[in-house]
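The values are calculated or read from the model by the stated rules, or taken from the named source; none is laboratory data. Given the structure is predicted, the values throughout are model-derived calculations rather than measurements. We place every Cβ from the backbone using ideal geometry, glycine too, and count neighbours over all the protein chains shown.
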Amino acid sequence: MDEDKVLYCPTCLSLSIKGIEGTNLCYCDKCGCTDIQEIDFDEWDKLYQKKYGKKFVTPKRRYFI
């Protein structure tokens, strides 16, 4: 079930995580946070909905992720 895990920023909940080439370091491309965490996608989506008041994935959007 590893394909259901995502890396995310706990500060802004972005999934836009970048790695620094030649290192094991990652950072959030949106806010610069380096405290990157891993979570099950469905759990992340619940956090996103709680913070932003809407689901990240909608039926129309699901195929564009």
Region 6-32 residues that are without any contact (Cβ under 8 Å) to a residue 24 or more places away in the chain and in a strand (DSSP E or B), paired with ones that are of a type in the set (Asp, Glu) and surrounded by fewer than 17 Cβ atoms within 10 Å (Cβ to Cβ) (beta carbon under 8 Å, 6 or more apart): Ile17/Asp29; Lys18/Asp29
Members of region 33-49 found to be touching a residue at least 24 places away in the same chain (Cβ under 8 Å) and either touching a Lys or Arg at 6+ places or on another chain (Cβ under 9 Å) or not in a loop (DSSP other than H, G, I, E, B) (or both), listed by number: Gln37, Glu38, Ile39, Asp40, Phe41, Asp42, Trp44, Leu47, Tyr48
Yes/no for Cys31 being at pLDDT 95 or above and touching a strand residue (DSSP E or B) at 6+ places or on another chain (Cβ under 8 Å): no
